[in-house]
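Undergrad: To start, I am sharing the structure in question, which I have written as structure tokens.
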Amino acid sequence: MYIDSKSTNAAEALQKMGGAQVILATAPSSKAMSELIDGLGPNGKLMVVGVSLDPIEVTPVQLVNRTRTIEGCASGTPVDSEDTMRFAELTGVRAMIETYPLEMAGEAYARMLSGNAQFRVVLTM
């Protein structure tokens, strides 16, 4: 299930589905992570792998009332990548991306920085 957090309240959408057991926060946006905490179900975990210098804002009530946790994990080792690729192959997971030819790298970069890119921006050759 894809939830567009720009057009809907993602935490509310997750709660309508019963609350998330795990949210894997890959985007380097503490604001986006903070907005998702209320989308966790009971005993839910926010797993942070995206890095930002800004603090994640959370109240003790958000954590204690539903026994939620926030955990950080450095990722990116070769073994992590191999495991991820194997999992994607076995389960049919495919990346959702926008592609741009290499000649349009400037426009692709600007789109990414604007925050208007859908998913990831990938250059093709």
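The values are calculated or read from the model by the stated rules, or taken from the named source; none is laboratory data. Computed from a prediction, not measured in an experiment: that's the story for all the values here. Positions of Cβ are backbone-derived with ideal geometry, glycine not excepted, and every protein chain shown enters the neighbour counts. We work out accessible area using only protein heavy atoms, side chains counted, and drop any ligands, DNA or RNA first. Shrake-Rupley method; radii C 1.70, N 1.55, O 1.52, S 1.80 Å.
Undergrad: In nm, what is the difference between 0.36 nm times the number of residues separating Met125 and Leu24 and their Cα-Cα distance?
TA: Residue separation times 0.36 nm, minus the Cα-Cα distance, leaves 33.3 nm.
Undergrad: Quote the relative contact order of the chain in percent (integer), defining contacts as alpha-carbon pairs under 8 Å separated by 6+ residues.
TA: So the answer I get is 17 percent.
Undergrad: Under 19 Å from the Cα of Lys45, which lysines turn up, not counting those fewer than eight places away in the same chain?
TA: Lys16, Lys31
Undergrad: Next question. Roughly how many Å is it from the Cα centre of the range 23-45 to that of the range 52-125, as a whole number?
TA: 13
Undergrad: Could you point to the residue in Ala105, Gln118, Ala95 farthest towards the positive end of the range 78-124's charge dipole, with +1 and -1 charges on the Cβ of Lys/Arg and Asp/Glu respectively?
TA: The residue sitting most towards the positive pole is Gln118.
Undergrad: How far, in degrees from 0 to 90, does helix 105-114 lean away from the longest principal axis of the Cα atoms of the chain, to the nearest 10?
TA: Roughly 20 degrees, rounded to the nearest 10.
Undergrad: Per residue, what accessible area does the chain have, given a 1.4 Å probe and all protein chains present, in Å²?
TA: Ligands and nucleic acids excluded, the figure is 73 Å² per residue.
Undergrad: Taking the Cβ-Cβ separation of Lys16 and Val49 as r and a Förster radius of 22 Å, what is the calculated FRET efficiency to the nearest 0.05?
TA: Computed FRET efficiency for Lys16 and Val49: 0.30.
Undergrad: So what J values fall out for the range 85-94 if you push phi through Karplus, 6.51 cos²θ - 1.76 cosθ + 1.60 with θ = phi - 60°, rounded to Hz, Gly and Pro as x?
TA: 5, 5, 4, 4, 5, 5, 9, x, 5, 10
Undergrad: Which percentage, to the nearest 5, of the DSSP beta bridges contained in the chain is antiparallel?
TA: 0
Undergrad: Now, a different point. How much length would be gained if the chain were fully extended between Ser5 and Arg86, taking 0.36 nm per residue of separation minus their Cα-Cα distance, in nm to one decimal?
TA: 26.3 nm
Undergrad: How much of the accessible area of the range 16-59, in percent, comes from carbon and sulfur atoms when a 1.4 Å probe is used?
TA: Carbon and sulfur atoms account for 58 percent of the accessible area of the range 16-59.
Undergrad: Heavy-atom accessible area of Thr124 with all protein chains present, probe 1.4 Å, nearest 10 Å²?
TA: 60
Undergrad: Magnitude of the Cβ-charge dipole of the chain, K/R +1 and D/E -1, about the Cα centre, nearest 20 debye?
TA: Dipole magnitude for the chain comes out near 320 debye.
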